[in-house]
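For reference, the structure is listed below as structure tokens.
Throughout, read-outs are computed from the coordinates displayed, never taken from laboratory work. Because the structure is a prediction, the values reported are computed rather than measured. Here the Cβ is made from the backbone with ideal geometry for all residues, glycine too, and neighbour counts use every protein chain on show.
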Amino acid sequence: MLFKPTGFYVFKLRYTLMSIAIVLLAVLMLTYFYLTALIETRTLDAMTWAIETKVIGIDPGHGGYDPGAKGPLGTDEKVITLEIAERLAKKLSKEGALVVLLRDEDEDFATPGPGTKKKKDLDNRIKEAEQKNASIVVSIHVNSFGSEWSGAQTFYNPKSEANEILARYIQEELKATTNTKREILTINSSYLLDQLDLPACIIEVGFLSNPQEEKKLIDPTYQDKLAEAIYKGILKFMASQ
């Protein structure tokens, strides 16, 4: 034997082999994530047939006389809901869906006559969705409860299985995109969901009462992430029907 490895050279060899292993593992992980993202993209692209020529109703919550919740920084809920709704509408329209925005500016739909403004506003939104033969309706809102609360959450009326399926698809995408830990919840107190006779859900995209989340919710990049998640959930739901 011409050369007997010393402790130093054994250590150096082990260190080199470990470094190579770490690099290979990193390459494998990057390849895995890249291929996973590529497969997800191609899978979604293959699903776009499911929304072509379909009428999708998007309800930006509140508007006009009704600002909805207000954040510590002064942000009105009605502003955020419309901005996210418009982003979602563009994504759906791009793939051939026929989008019905139940509100496309800062206005409400209360009409003169007996009854509360809020009920008349919602009745007219429901009427618009039904007259346009919407396949589904997603209503976008922003929650407000306490400064420590955070995370997007989807609510549905348990009167039909389709409502739950739609809510679940959207919530899964919100979890993947925003890392929210929240799960879907049933709600029986929503007049809109109770009156609609088609698959529908309410998406509370976060908590305006949380100053940190308010900053995220007014960020166009984050708004686009939310819109993308809702878009993917709608796409998967429509493809499943």
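For this structure, a couple of remarks:
- Range of Cα positions in the range 112-157 per principal axis (Å), largest first: 40, 29, 15
- The range 51-240: proportion of alpha-carbon pairs further apart than 24 angstrom, %: 32
- Under the convention that each Lys and Arg Cβ holds +1 and each Asp and Glu Cβ holds -1, the size of the dipole of the range 168-241 around its Cα centre is about 260 debye.
- Report note on the peptides 182-190, 54-62, 122-130, 213-221: ranked by the mean count of other C-beta atoms within 10 Å, highest first, their order is 54-62, 122-130, 213-221, 182-190.
- Farthest towards the positive end of the charge dipole of the range 181-220, among the residues S190, P211, C201, is the Cα of P211, using unit charges on the Cβ of Lys, Arg, Asp and Glu.
- If the chain linking T116 and E183 were pulled fully straight, counting 0.36 nm for each residue of separation and taking away their Cα-Cα distance, it would gain 20.9 nm.
- Long pairs among K78/K118; K118/K225; K181/K225; K70/K94; K91/K127; K90/K127, criterion Cα-Cα beyond 20 Å: K118/K225; K70/K94; K91/K127; K90/K127
- Near E107: Cβ cut-off under 11 Å, other residues only, Lys/Arg at +1 and Asp/Glu at -1. The net charge is -4.
- Extension gain from I218 to T53, taking 0.36 nm per residue of separation minus the Cα-Cα distance: 56.3 nm
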